[in-house]
Amino acid sequence: MMRTLVACLVASLPLEATAHDLITAASAQTYLGTVAESQDTIASKEPAASRALAQLVLGRTLDEIRELLNRDLAAHGKVQGLPSNYLLAELERQGVALAWSEKRRRFGANTQYFERSLALAPRGPHATDAGLRLLLGRFYDSFESDPLAADESWPRLAGQIALAQELAARDLPGDAREEVDFIGAILHARATLLAPDAGSRRSHGTKARQAIAAFEARYPDSLRNALMPVLRAALDKNQ
């Protein structure tokens, strides 16, 4: 009953009351409809491929919502507007609350849905999309400003390296390939600090240098190239 009352209240807001908000009453209802439909499919006995797609759609929807809310937080220091707050409350009530980082004061990526999508259909038609979103979500949530100062365990890092290598072997669009190559170089550089034994650290140091040189050669005009000398200097310091 309370949910119905709040939904009616949000839907009845005048347009001018939410015109400045990134999430409107209409978009909040659309997001919730997509979430509910995805949850229904996930809980069903449909083929694994259908449930994998539903997991991916759920993760993508939450990603879109958290990006909008993080923009709100960056601009105002808090989530603004009744539709946004209603949407947050409903997501929590439905068991798909956005991941919140108190340390960073922002919403993080809900990567578990991409992980579940891959587990259901590791070679399915949407596996590359799920893998990319899993890699990017975990990578960008793992540090503040220094990509080598990561809040990440060795097993998680090893898994990220394996995922990056798997994605790099696929037919990726240009922007995605550049980002995967960029992240791969950083992950190998991280491994020179976190790998559990000296042999592994040396191996990843070699792979990091190769990845850095390959990135500079492949993407000479990329703005990301500015980080390559920094990575190389860090490797030199820790060799």
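The values are calculated or read from the model by the stated rules, or taken from the named source; none is laboratory data. Note that this is a predicted model, so its numbers are computed, not measured. Neighbour counts are summed over all protein chains in view; Cβ atoms, including those assigned to glycine, are modelled from backbone coordinates with ideal geometry.
Quickly run through region 168-178 and pick out the residues that are charged (D, E, K, R) and either exposed (fewer than 14 other Cβ atoms within 10 Å of the Cβ) or under 14 Å from P147 (Cα atoms) (or both). Of everything in region 168-178, those that are charged (D, E, K, R) and either exposed (fewer than 14 other Cβ atoms within 10 Å of the Cβ) or under 14 Å from P147 (Cα atoms) (or both) turn out to be R170, D171, D175. Of all residues in region 116-150, those satisfying the criterion of being free of Cβ contacts under 8 Å to residues at least 24 places away in the same chain and either closer than 23 Å to L194 by Cα or of a type in the set (V, I, T) (or both) are S142, F143, S145, D146, A149.
Restricted to region 185-206, and to residues that are part of a helix (DSSP H, G or I) and charged (D, E, K, R), which residue is nearest to F143 (Cα to Cα)?
Let us first name the residues in region 185-206 that are part of a helix (DSSP H, G or I), namely 185-194, 198-206.
In the following step, the residues that additionally are charged (D, E, K, R) were identified as 190, 201-202.
Details: R190: 11, R201: 20, R202: 23 Å.
Going through the qualifying residues, I end up with R190.
Every condition in (1) touching a Ser or Thr at 6+ places or on another chain (Cβ under 9 Å); (2) at pLDDT below 95 is met by P173 except one, and the failing one is (1).
Those residues that are under 21 Å from Q39 (Cβ atoms), out of contact with any helix residue (DSSP H, G or I) (no Cβ under 9 Å at 6 or more places or on another chain) and either in a helix (DSSP H, G or I) or polar (S, T, N, Q) (or both), I need them from region 86-106; list them, please.
Our first condition is that a residue be under 21 Å from Q39 (Cβ atoms); within region 86-106, this holds for 86-100.
Next cut, out of contact with any helix residue (DSSP H, G or I) (no Cβ under 9 Å at 6 or more places or on another chain) only: 92, 100.
Within region 86-106, E92 is the sole residue that qualifies.
Of the numbered criteria (1) at pLDDT 95 or above; (2) among the hydrophobic types (A, V, I, L, M, F, W, C); (3) farther than 30 Å from E115 by Cβ, the one I42 fails is (3).
Can you confirm whether region 186-193 contains a residue that is touching a helix residue (DSSP H, G or I) at 6+ places or on another chain (Cβ under 9 Å) and either surrounded by fewer than 19 Cβ atoms within 10 Å (Cβ to Cβ) or touching a residue at least 60 places away in the same chain (Cβ under 8 Å) (or both)?
First, pick out the residues of region 186-193 that are touching a helix residue (DSSP H, G or I) at 6+ places or on another chain (Cβ under 9 Å): 186-193.
With the extra rule that they be either surrounded by fewer than 19 Cβ atoms within 10 Å (Cβ to Cβ) or touching a residue at least 60 places away in the same chain (Cβ under 8 Å) (or both), the set shrinks to 193.
Looking through region 186-193, at least one residue is touching a helix residue (DSSP H, G or I) at 6+ places or on another chain (Cβ under 9 Å) and either surrounded by fewer than 19 Cβ atoms within 10 Å (Cβ to Cβ) or touching a residue at least 60 places away in the same chain (Cβ under 8 Å) (or both).
Taking the criterion of being polar (S, T, N, Q) and touching a Phe, Trp or Tyr at 6+ places or on another chain (Cβ under 7 Å), the residues of region 54-105 that qualify are Q55, T61, N70. Among the residues of region 64-81, the ones that are free of Cβ contacts under 8 Å to residues at least 24 places away in the same chain and either touching a strand residue (DSSP E or B) at 6+ places or on another chain (Cβ under 6 Å) or surrounded by 18 or more Cβ atoms within 10 Å (Cβ to Cβ) (or both) come to 1 in all. Scanning region 159-167 for residues that are crowded, with 16+ Cβ neighbours inside 10 Å and farther than 19 Å from G59 by Cβ turns up at least one hit.
S203 - would you say it is within 17 Å of L157 (Cα to Cα) and either surrounded by fewer than 17 Cβ atoms within 10 Å (Cβ to Cβ) or hydroxyl-bearing (S, T, Y) (or both)?
Judged against the criteria, S203 is a match.
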